[in-house]
1. Please go through region 263-283 and pick out each residue that is open to solvent by less than 70 Å² (accessible area, probe 1.4 Å) and not in a helix (DSSP H, G or I).
2. Restricting to region 386-405, give me the number of residues that are surrounded by fewer than 20 Cβ atoms within 10 Å (Cβ to Cβ) and under 17 Å from Glu342 (Cβ atoms).
3. Identify the residue in region 101-136 that is among the β-branched types (Val, Ile, Thr) and over 14 Å from Gly60 (Cα atoms) and, among all such residues, is most open to solvent (accessible area, probe 1.4 Å).
4. Tally up the residues in region 352-365 that are under 20 Å from Thr206 (Cβ atoms) and open to solvent by less than 20 Å² (accessible area, probe 1.4 Å), please.
5. For region 14-58, what are the residues that are more than 32 Å from the chain's Cα centre (by Cα) and open to solvent by 20 Å² or more (accessible area, probe 1.4 Å)?
6. Return yes when Arg324 is assigned to a loop (DSSP other than H, G, I, E, B), under 30 Å from Thr246 (Cβ atoms), at pLDDT 85 or above and open to solvent by 20 Å² or more (accessible area, probe 1.4 Å) and no when it is not.
7. Among the residues of region 297-321, which ones are open to solvent by 40 Å² or more (accessible area, probe 1.4 Å) and β-branched (Val, Ile, Thr)?
8. Would you say Gly216 is crowded, with 16+ Cβ neighbours inside 10 Å and closer than 27 Å to Pro363 by Cβ?
Amino acid sequence: MLLVTAAAIPILILCSAMTSASETAVTALSEARIRQMAREGNRRAVILASLLDDKERLIGVLLIANNIFNILSASLATNVFLHLTGEVGVAIATVIMTVLVVVFAEVLPKTYAIRDSEKFALTMAPSLRALVILLEPPSAVLKRIVRAILRLFGDRESSFGGHQAMDELRARIAELRGYSSRFRQRSQMLRGVMDLERMTIGEIMTHRSMMTTFDGDRLVGEAKSEINDSRFSRFPLWQGDRDRITGLLHVRDLLPADPASRLADHMREVTFVPETARLESQLAAFQASHSHLAMVVDEHGTLKGLVTLEDVMEEIVGEILDERDMPTPLPEPDAGGALTVEGRVAPRDINRHMDWDLPEDEPTMAALLTDRIGRIPGTGHRTELGRHTVTVLERRGHRLTRLRIDPPQPGEDGGLRL
């Protein structure tokens, strides 16, 4: 009988190791990956996905089983050593079982499982299902007890909502930036897709001071050469007042046009959108209307600028250049790593170019600097923006024309920004 008891101890330790490793594996694996494999027909993934539907129950079962195996093995070991060495056997059993449980039932299996959590969890899926069925009654009782105790301390249950899921996805995307340039580019594109829901049109629009517009009362023959010399294919038309946009002109519509006709005779309807609209909704609007350009207005209906479909897409894939575009790449940093840019450059573009983490609260560096200081700084002014120091090199009137941005310095607020 003593021999049978001694032989049961390593079996119990092995069972404890399997449950301990399974707990680590199901905690560390990617649920999205498992559910994708389940949709593709992987039978073990189907089992595992159904268990993950109630992860709290699964973890509870594994903890119950793990403690049963550990306590039972320790009790049997104590009984064996009591028979062999007397009362001192309690101390001997405690020391030996502590070492065996910590090394072979906890540290070693957990380390093994976390190296390939997905493979291990899939291997154990049928066994886990059987264990859950077997220990469902005590697990349900334990869950009720735990929840009742938590309620006594004022804790309320919280579900894993959409915002938490998005935050987790952002964190996963950020991890790609630490790999090769190919993965970094993918990270930037995924980041752009995620940002569509929170970025506004006002952050990416072309300001009205930089728009190319035409008086709708001008004759086609008079304006045609000027239009052909432009690198744009669509132009807002105004009549009477430059801020009163009445339509949109597409150069394609001028090909058969009578030179003596007015530009307004060939204009199309133009869409007006608020500057506070999200890029996600504007992209859907462009798709629904089959248009590529919209005028941007503020809450009072005052013209602020324009936004194009290309502007929205560039937030995902980066700058898009066609044969008529004039590339304006950002300069390379100097020997000390500092970057000299124009004030109108977007901090988001700098982050993409340099893999930095400048704040992206405003559409341009000048606006960001002015917003942080509360006024328009003068030449030579230095400001801390996160881990970066920004120096005003040149100011013309009320415009910040040239800025120098020092490379990021190590600090507590230097985490990756998404």
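The values are calculated or read from the model by the stated rules, or taken from the named source; none is laboratory data. These figures come from a predicted structure and were not determined experimentally. Positions of Cβ are generated from backbone atoms using ideal geometry, with glycine treated the same way; all protein chains shown enter the neighbour counts. Surface areas here come from the heavy atoms of the whole protein model, side chains and all, with no ligands, DNA or RNA. Shrake-Rupley method; radii C 1.70, N 1.55, O 1.52, S 1.80 Å.
1. Passing the criteria: Met267, Val270, Thr271, Val273, Pro274, Glu275, Ala277.
2. 11
3. Among those that are among the β-branched types (Val, Ile, Thr) and over 14 Å from Gly60 (Cα atoms), it is Ile114.
4. Counting residues in region 352-365 that are under 20 Å from Thr206 (Cβ atoms) and open to solvent by less than 20 Å² (accessible area, probe 1.4 Å) gives 1.
5. Leu14, Cys15, Met18
6. Taking the combined requirement at face value, the residue does not satisfy it.
7. Thr302, Val317, Ile320
8. no
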